[in-house]
Amino acid sequence: MILYNSLGQTKQEFVPFTEGKVNMYTCGPTVYHYAHIGNLRTYIMEDVLEKYLRFAGYDVNRVMNITDVGHLSSDADTGEDKMLKGAKREHKTVMEIAKFYTDAFFSDCEKLNIKRPDVVEPATNCIAEFIDMIEVLLEKGFAYIAGGNVYFDTSKLDTYYVFGNMNEEDLAVGVRDSVEEDENKRNKTDFVLWFTKSKFEDQELKWDSPWGPGYPGWHIECSCISKKHNGEYLDIHCGGIDNAFPHHTNEIAQSESYLGHKWCNYWFHVLHLNDARGKMSKSKGDFLTVSLLESKGYDPVVYRMFCLQSHYRKPLTFSYESLDNCVKAYDKLIKRISSLSKEGEVNSAKAEELIGKFKEAMDNDLNTSLGLTVVYDVLKADANDATKRYVLGELDRVLSLNLLAEKEEAPKESNPQDAEIDALIAKRTEARKNKDWATADAIRDQLAAMKVVVVDTKDGISWHYAD
Ligand code: AMP
Ligand code: ZN
């Protein structure tokens with residue numbers, strides 16, 4: 001399989017450290033709010049990568065952290081802890097917030113057919129391990145204590161900007177634009193491993209440490225959790241492109257200084273989902289969630305298909321218009337598949353040939369849009385229905401689009417009374433607009449007698465028959 005590697009910025013043949021086995025790490029969500037559909041684009045594409053590696057025969061161990069401490073409002077170690085911010089917003093404790101949004105995240109994943117990683121580890125479970133790693137970094141001279149905090153000393157590295165090709169100034173933007181300069185840092189790119197002193201003294205979660213009561217920095221958690229569950233050698237590290245700097249750059253700095261050898265060979269970064277205003281982000285407040293899409297009547301799996309239609313290394317712009325087009329395409333596709341007969345024998349040579357086409361697409365840097373066109377090629381192929389169904393089932397082990405779901409029942413024949421109800425509701429709306437309350441009330445009683453429940457929503461009026 002050929003994969004684009006951010007380390008080296010080229011497409012490379014994927015070769016794991018151990019034949020047949022893949023250790024994979026994914027930066028998990030910061031659980032101070034719902035995941036937006038941008039975050040979920042990243043998790044969908046990572047899910048496809050994991051499933052494709054399994055499909056290709058690898059034994060995969062996928063680890064994900066849950067960031068429930070240490071991620072400050074700026075990725076460059078300044079500002080308030082995002083978790084504390086979330087807790088204050090909702091008048092809850094940090095742990096209550098963490099539990100609620102972790103559950104919400106996995107519920108969204110389930111709706112999008114995203115498999116749960118083999119290991120999911122909250123950062124707050126691993127404080128002792130973080131402290132151990134920081135102690136070793138101090139002993140080896142890669143870290144220093146200043147103003148009560150422990151910092152990683154980036155001047156001790158031969159190369160800090162490992163994802164190259166971008167100029168230093170661009171990469172340093174996150175640091176330069178920080179809320180304020182941290183005067184304890186010896187170099188502008190140094191970062192915090194452990195905080196005991198922060199402007200925000202009301203940090204709710206603190207742990208004892210050799211440097212005083214405090215809490216870990218964000219980057220150390222991923223280095224440490226990956227090492228804990230994947231060992232010293234990692235094959236693929238995943239995340240959204242915004243994590244490449246400073247987060248992943250700092251992870252590499254810590255891990256390799258600690259281990260004394262190369263740590264991770266392949267870096268898989270998913271480009272952003274944008275909306276009309278630019279990059280979708282939690283801090284913007286009014287972001288799109290899976291629940292919002294559902295409340296508008298969209299099947300979450302259609303959003304998955306929307307993501308698969310474009311390559312993970314291209315930015316993707318969300319609009320309801322494109323999602324509506326995807327709904328039409330998905331419905332048509334499922335109808336076509338469900339009309340395939342279940343009778344007959346699978347022609348295994350033909351099946352292998354069609355699966356080979358899919359592999360060819362996916363082996364080329366996970367080309368999911370081409371992978372999807374193979375689904376249509378299968379439907380058009382010169383093969384019997386049983387073979388087509390079998391192949392589609394195989395492809396769906398990776399695509400997870402419920403391709404073999406039974407077509408929904410045709411809508412029940414409409415009740416001839418429905419039109420009369422629509423007309424009554426329109427008349428009632430008109431009466432209410434004219435402040436003709438007597439007419440409006442009379443119609444309401446008439447509808448109630450017909451066992452009709454009228455619901456006023458912000459998007460207009462809907463109705464249904466009472467149970
Ligand atoms: P967070 O919960 O903020 O830690 O982010 C979770 C994951 O979503 C990380 O891998 C981010 O890089 C990724 N991410 C954040 N914003 C976007 C976006 N607009 N599009 C795609 N991925 C994103
Ligand atoms: Zn991470």
>> I need the trypsin sites (Lys or Arg not before Pro) found in the stretch 9-113, filtered to DSSP loop residues with at most 16 other beta carbons within 10 Å of theirs.
In response: 92
>> Let me make sure I get this right: for the stretch 304-368, a, b and c are the square roots of the gyration tensor eigenvalues over alpha carbons, sorted descending. Under 1.5 in a/c it's rounded, otherwise prolate if a/b > b/c, else oblate. Which is it?
In response: oblate
>> Give me a comma-separated list of calculated 3J(HN,Hα) values for the stretch 152-161, in order, Karplus coefficients 6.51, -1.76, 1.60 applied at θ = phi - 60°, integers in Hz, x for any Gly or Pro.
In response: 8, 9, 6, 6, 7, 9, 5, 10, 9, 7
> Using the alpha-carbon centroid of each, what span in Å lies between the stretch 307-351 and the stretch 26-103?
Replying inline: 28 Å
>> Past the 19 angstrom mark, what percentage of all C-alpha to C-alpha distances in the stretch 217-281 do you count?
In response: 34 percent
> Which of the GluC sites (Glu not before Pro) found in the stretch 1-58 are in a DSSP loop and have at most 11 neighbouring Cβ atoms, other than their own, within 10 Å?
Replying inline: 19
>> Explain nothing, just compute: Karplus ³J(HN,Hα) = 6.51 cos²θ - 1.76 cosθ + 1.60, θ = phi - 60°, for every residue of the stretch 268-281 in order, whole Hz, x for Gly and Pro.
In response: 10, 10, 9, 6, 7, 8, 10, 10, 4, 9, x, 4, 6, 9
> Accessible area per residue of the stretch 17-104 at 1.4 Å probe, in Å²?
Replying inline: 31 Å²
>> What lysines does residue 92 reach when the alpha-carbon gap must be under 27 Å and sequence neighbours fewer than 8 apart in one chain are set aside?
In response: 82, 111, 197, 199, 206, 282, 284
> Amide H to amide H, which residues 5 or more places from residue 194 or on other chains are under 5 Å from it, using H placed in the peptide plane?
Replying inline: 150, 217
> How much mean residue ellipticity at 222 nm does the chain get from its helices, if each DSSP H run of length 4 or more adds -39500 (n - 2.57) and you divide by all residues, to the nearest 500 deg cm²/dmol?
Replying inline: -13500 deg cm²/dmol
> How much FRET efficiency would the formula 1/(1 + (r/R0)^6) give for residue 15 and residue 132, where r is the Cβ-Cβ distance and R0 is 30 Å, rounded to 0.05?
Replying inline: 0.45
> In straight Cα distance, which lysines are under 26 Å from residue 357, not counting same-chain residues fewer than 8 positions off?
Replying inline: 11, 21, 51, 115, 314, 328, 332, 335, 342, 380, 388
>> Going by amide H atoms built from the backbone, whose H comes under 5 Å of the H on residue 288, apart from near neighbours?
In response: 37
> When DSSP beta bridges are limited to those with both residues in the chain, what percentage is antiparallel, rounded to the nearest 5?
Replying inline: 50 percent
>> Could you tell me how far the Cα centroid of the stretch 108-135 sits from the Cα centroid of the stretch 425-442, in Å?
In response: 56 Å
> Against the longest principal axis of the chain, how steep is helix 94-111, in degrees 0 to 90 to the nearest 10, with axes from Cα atoms?
Replying inline: 50 degrees
> Between residue 140 and residue 429, how many nm apart are label points set 7 Å from Cα along the C-beta direction?
Replying inline: 6.7 nm
>> Checking a compactness column here: for the chain, what do you get for Rg(Cα) / (2.2 N^0.38 Å), N being the number of residues?
In response: 1.17
>> Can you give me the long-range amide H partners of residue 56? Hydrogens built in the peptide plane at 1.01 Å from N, cutoff under 5 Å, separation of 5 or more residues or another chain.
In response: none
> Is the shape of the stretch 23-104 rounded, prolate or oblate, going by the alpha carbon gyration tensor and its root eigenvalues a ≥ b ≥ c, with a/c under 1.5 for rounded and a/b larger than b/c for prolate?
Replying inline: prolate
>> From the phi angles alone, apply the Karplus equation (6.51, -1.76, 1.60; θ = phi - 60°) to the stretch 256-264 and give each ³J(HN,Hα) in whole Hz, x where the residue is Gly or Pro.
In response: 6, 5, 5, 7, x, 8, 4, 9, 10
>> Multiplying the sequence separation of residue 115 and residue 259 by 0.36 nm and subtracting their Cα-Cα distance, what value in nm do you get?
In response: 48.8 nm
>> Given bins 10 angstrom wide, list per bin the percent of all Cα-Cα distances in the stretch 296-428, short to long.
In response: 11, 35, 28, 14, 8, 4, 0
> Can you list the lysines whose alpha carbon sits under 23 Å from that of residue 451, skipping same-chain ones fewer than 8 residues off?
Replying inline: 412, 427
> Along the principal axes of its C-alpha atoms, what lengths does the stretch 206-326 span, in descending order and rounded to whole Å?
Replying inline: 55, 34, 24
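The values are calculated or read from the model by the stated rules, or taken from the named source; none is laboratory data. Predicted model, so just to flag it, every value in this text is computed and none were measured. Cβ coordinates were reconstructed from backbone atoms using ideal geometry, including for glycine residues, and neighbour counts include every protein chain displayed. Accessible surface areas use protein heavy atoms only, side chains included; no ligands, DNA or RNA. Shrake-Rupley method; radii C 1.70, N 1.55, O 1.52, S 1.80 Å.
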